[in-house]
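*Asks:* Here's a structure for you.
The values are calculated or read from the model by the stated rules, or taken from the named source; none is laboratory data. Fair warning: this is a prediction, and the values are worked out from it, not measured in the lab. A quick note on method: Cβ atoms are made from the backbone with ideal geometry, for glycine too, and the neighbour counts reach across all protein chains shown.
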Amino acid sequence: MHVAEFLKRTDRRNLNSQIDCKVQQKLGECQRHLQHRRRQLALQLQSEAQLLDEEMMELLQAHEDMEKNARIEWIQMAVLKNEEADQQLLKTKKEQREIECSEAHRHKETKDMLLNTKQAQLYQIEERRSRRRIAAYMDKQWQL
């Protein structure tokens with residue numbers, strides 16, 4: 001029985017040793033596979049993060065471009081409004097010069113100035129007459 005038992009134990013040890021070796025091999029394979037899978041996932045995450053960063057940069061750039069275009073458009077509109085105002089001012093000044101330089105306008109201004117002068121003179125005459133009347137009335141009152 002010793003020999004049979006010895007052989008049985010030896011077979012069992014060999015079998016356990018083979019099983020242990022195969023388990024270690026499988027564990028090693030699983031570890032390598034796991035490490036490989038981890039590297040693949042890390043690369044995938046890194047790649048996705050880079051894509052998201054690029055998309056975010058594109059969105060930010062598009063937003064920045066949109067704001068820049070809006071500012072440019074606003075500035076252009078302000079310049080157009082200023083140019084239109086300048087053109088209107090020039091047109092008005094030109095019309096005013098033409099009116100001022102026209103014979104009819106000068107004649108009207110001369111006539112208005114003459115009329116104003118005559119009205120002022122008439123007012124002075126009326127004022128003088130009124131003062132003379134008052135002075136004459138006062139003289140009469142003093143003489144009485």
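*Asks:* Just one of 99, 72, 19 is in contact with a His (Cβ under 8 Å, 6 or more places away or on another chain), of a type in the set (A, V, I, L, M, F, W, C) and surrounded by 10 or more Cβ atoms within 10 Å (Cβ to Cβ); which is it?
*Replies:* Values: 72 fails: in contact with a His (Cβ under 8 Å, 6 or more places away or on another chain); 19 fails: in contact with a His (Cβ under 8 Å, 6 or more places away or on another chain).
Answer to the check: 99.
*Asks:* Any chance the stretch 32-53 includes a residue that's exposed (fewer than 10 other Cβ atoms within 10 Å of the Cβ), without any contact (Cβ under 8 Å) to a residue 24 or more places away in the chain and either aliphatic (A, V, I, L, M) or in a helix (DSSP H, G or I) (or both)?
*Replies:* Initially, the stretch 32-53 is screened for residues exposed (fewer than 10 other Cβ atoms within 10 Å of the Cβ), giving none.
There is no residue in the stretch 32-53 that is exposed (fewer than 10 other Cβ atoms within 10 Å of the Cβ), without any contact (Cβ under 8 Å) to a residue 24 or more places away in the chain and either aliphatic (A, V, I, L, M) or in a helix (DSSP H, G or I) (or both).
*Asks:* If I filter the stretch 63-79 for residues that are at negative phi, modelled with pLDDT under 90 and among the aliphatic types (A, V, I, L, M), do I get at least one hit? Spell out how you get there, then give the answer.
*Replies:* We begin by selecting, within the stretch 63-79, every residue at negative phi; these are 63-79.
Filter once more, so that each one left must be modelled with pLDDT under 90: none.
Within the stretch 63-79, not a single residue is at negative phi, modelled with pLDDT under 90 and among the aliphatic types (A, V, I, L, M).
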